[in-house]
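Notes to accompany the following structure.
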Amino acid sequence: MKYKRTVLPNGLTIITVPSADAQSVVVDLFVKTGSRSEVAQESGISHFLEHFLFKGTKKYPSSLMITEMIDSIGGEMNANTGREHTQYYIKAHNDHLPMIFEVLTDMLQQPLLDKDELEREKGVIIEELNMYKDSPRYEIDNVVEQLMWPDQPLGRDIIGTKQTIMGLTQKMFLDYLKKHYKTTNIIIGISGKFKQTDVDKMIKRYWAPLEKQPMSKWKRATSTQKRPGLAVRYKVTEQAHMSLAFRGLHVNDKRNAAGSVLSAVLGGGMSSRLFYEIRERRGLAYYIYSSSSNYQDTGAFHVNAGVQIDKAEEAIKVILEELQKIKTIPLEPRELKKAKAYLKGRTTLALEDSQTRLDWFLEQEAFHDKIQQPAQLFAEIDKVTAADVMKLAKFLFSSNKMNLAIIGPYKQDKKFKKLLKI
């Protein structure tokens, strides 16, 4: 994939990814700050700001004015917040590039941060929080991350708590913007159909004049875990939701290709070991999958499942048995080959979308040691051996890295505690 990377003297990075067959363009402002950059009393401010910046700017003083402009051109506008990033983007027909670029720029550079809007939006975000709390399939990841990284930013809920949301003030937002929304912390991404000369002119007009400021800092994760962790949250449900997570690899660990293969073998598709054994063969679950979260200094390997309430113990036993197998028995060549083809095929399909292509480069620029093309990643995957997968499984799947979170109608944790052996 073709791309161009530019870094201005003020530290701002610009990534452009042209698509010859596209008629649309997407502009994405990617800020390298998220929930782990927050102090305890401002927990949730990164996510709240994702909402707040759409509520009006100096040039576009109301949320209605902004949304009507984007609706009038059939555009798509959204944002998202993670542990280590926040991004804002608009996608529209390429004719409207100047307008959507200006809107996003004004949102970050000249937000109104109106006090009345702030108070109104608190109610909206608390309802969003309630929605997630009522959805165990999504809430389970928060529970297990709190278990892995207690009393530190990486273990806090991205959305915050009702108490911290209600305590946010206009001054806190102004201070947060000043501290984290700096040119050295921002990447502007543009993908689709555009002229590079037009992009260069807009960058020169709106962003080049800004002063350079030092990068913001974040707190490194720590762990003193010596035995398996367990968190059982009582909730009346029709299905038990669980996440078995192991502290894992940071984003630049050279073992990540082996980690991807390991995840694909265990829970990467409908023919994966866990899906077949748990759902197809035993009928214990509706969904089960494995995934990895890779941060700048640490990571996690997850196995998530929604299982029958009275069969949760059996499901956990089978999952642990499968993890033990992959630690001790090398993969057969056919299974290794299939996992690699699965990873390359899924990545190729995803990268047909211009937004996904742009996200690929934004995330690589933000957090990786260097920008890697898909072909380079595929070459790394092809080099992974059965021995590499088994060695990594032995490293990851150990008692002092293991954490189990469960949400369901369970008032005691004893029956689950005795299972946590690997």
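I need the full set of residues from the range 119-159 which are among the charged types (D, E, K, R), open to solvent by less than 30 Å² (accessible area, probe 1.4 Å) and touching a strand residue (DSSP E or B) at 6+ places or on another chain (Cβ under 9 Å), in order please.
139, 145
It is to be established whether one or more residues within the range 240-259 are modelled with pLDDT of 95 or more, of a type in the set (Val, Ile, Thr) and not in a loop (DSSP other than H, G, I, E, B).
Within the range 240-259, not a single residue is modelled with pLDDT of 95 or more, of a type in the set (Val, Ile, Thr) and not in a loop (DSSP other than H, G, I, E, B).
Restricting attention to the range 269-282, and to residues there that are open to solvent by less than 10 Å² (accessible area, probe 1.4 Å) and in contact (Cβ under 8 Å) with a residue 40 or more places away in the chain, which single residue is farthest from residue 344 (Cα to Cα)?
So the residue we want is 278.
Is the range 406-415 home to any residue that is open to solvent by less than 50 Å² (accessible area, probe 1.4 Å) and in a helix (DSSP H, G or I)?
No, every residue in the range 406-415 fails to be open to solvent by less than 50 Å² (accessible area, probe 1.4 Å) and in a helix (DSSP H, G or I).
I'd like to check which helices (runs of 4 or more DSSP H) are fully inside the range 71-170 and have at least 2 residues that are more than 19 Å from residue 40 (Cα to Cα).
The qualifying helices (runs of 4 or more DSSP H) are 97-109, 115-133, 136-148.
The rows are residues; the columns are (1) under 19 Å from residue 142 (Cβ atoms); (2) among the hydrophobic types (A, V, I, L, M, F, W, C).
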{"position": "3", "(1), (2)": "no, no"}
{"position": "25", "(1), (2)": "no, yes"}
{"position": "38", "(1), (2)": "yes, no"}
{"position": "42", "(1), (2)": "yes, no"}
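Looking at the range 351-384 only, could you name the residues that are closer than 24 Å to residue 187 by Cβ, among the small types (Gly, Ala, Ser) and over 16 Å from the mean Cα position of the chain (by Cα)?
Once the filter is applied, which keeps residues that are closer than 24 Å to residue 187 by Cβ, among the small types (Gly, Ala, Ser) and over 16 Å from the mean Cα position of the chain (by Cα), the range 351-384 yields 354, 375.
What is the number of the single condition among (1) in contact with a helix residue (DSSP H, G or I) (Cβ under 7 Å, 6 or more places away or on another chain); (2) assigned to a helix (DSSP H, G or I); (3) open to solvent by 50 Å² or more (accessible area, probe 1.4 Å) that residue 51 does not meet?
If we test residue 51 against (1) in contact with a helix residue (DSSP H, G or I) (Cβ under 7 Å, 6 or more places away or on another chain); (2) assigned to a helix (DSSP H, G or I); (3) open to solvent by 50 Å² or more (accessible area, probe 1.4 Å), just (3) comes out false.
What number of residues within the range 160-192 are among the hydrophobic types (A, V, I, L, M, F, W, C) and open to solvent by less than 10 Å² (accessible area, probe 1.4 Å)?
Of the residues in that region, 7 qualify.
Could you identify the single residue in 233, 255, 247 that is basic (Lys, Arg), crowded, with 19+ Cβ neighbours inside 10 Å and either under 30 Å from residue 122 (Cα atoms) or under 23 Å from the mean Cα position of the chain (by Cα) (or both)?
247 is the lone residue from the list that is basic (Lys, Arg), crowded, with 19+ Cβ neighbours inside 10 Å and either under 30 Å from residue 122 (Cα atoms) or under 23 Å from the mean Cα position of the chain (by Cα) (or both).
Would it be correct to say that residue 101 is open to solvent by 10 Å² or more (accessible area, probe 1.4 Å), out of contact with any Cys (no Cβ under 7 Å at 6 or more places or on another chain) and closer than 21 Å to residue 177 by Cα?
Judged against the criteria, residue 101 is not a match.
Which pairs do you get when a residue that is under 22 Å from residue 187 (Cα atoms), found in the range 57-86, comes within reach of a residue that is part of a helix (DSSP H, G or I) and open to solvent by 40 Å² or more (accessible area, probe 1.4 Å), reach meaning Cβ atoms under 7 angstrom, with the pair 6+ apart or on two chains?
75/96
Could you go through the range 35-47 and let me know if any residue there is among the basic types (Lys, Arg), assigned to a helix (DSSP H, G or I) and open to solvent by 10 Å² or more (accessible area, probe 1.4 Å).
No, the range 35-47 has no match at all.
Report, by residue number, each residue of the range 300-343 that is part of a helix (DSSP H, G or I), crowded, with 16+ Cβ neighbours inside 10 Å and not hydrophobic (A, V, I, L, M, F, W, C).
Those that are part of a helix (DSSP H, G or I), crowded, with 16+ Cβ neighbours inside 10 Å and not hydrophobic (A, V, I, L, M, F, W, C): 311, 322, 327, 335, 338, 340, 342.
Taking only pairs six or more apart or across chains, which ones have beta-carbon atoms under 8 Å, a first residue in the range 151-179 that is among the acidic types (Asp, Glu), and a second residue that is open to solvent by less than 60 Å² (accessible area, probe 1.4 Å) and not in a helix (DSSP H, G or I)?
Between residues of the range 151-179 that are among the acidic types (Asp, Glu) and residues that are open to solvent by less than 60 Å² (accessible area, probe 1.4 Å) and not in a helix (DSSP H, G or I), the close pairs are 157/43; 157/44.
The values are calculated or read from the model by the stated rules, or taken from the named source; none is laboratory data. The structure presented is a predicted model; accordingly, all values stated were derived computationally and were not measured. Note that each Cβ is placed from the backbone with ideal geometry, even for glycine, and that neighbours are counted across all protein chains shown. Just so you know, the surface numbers come from the protein's heavy atoms only, side chains and all, with ligands and any DNA or RNA stripped out. Shrake-Rupley method; radii C 1.70, N 1.55, O 1.52, S 1.80 Å.
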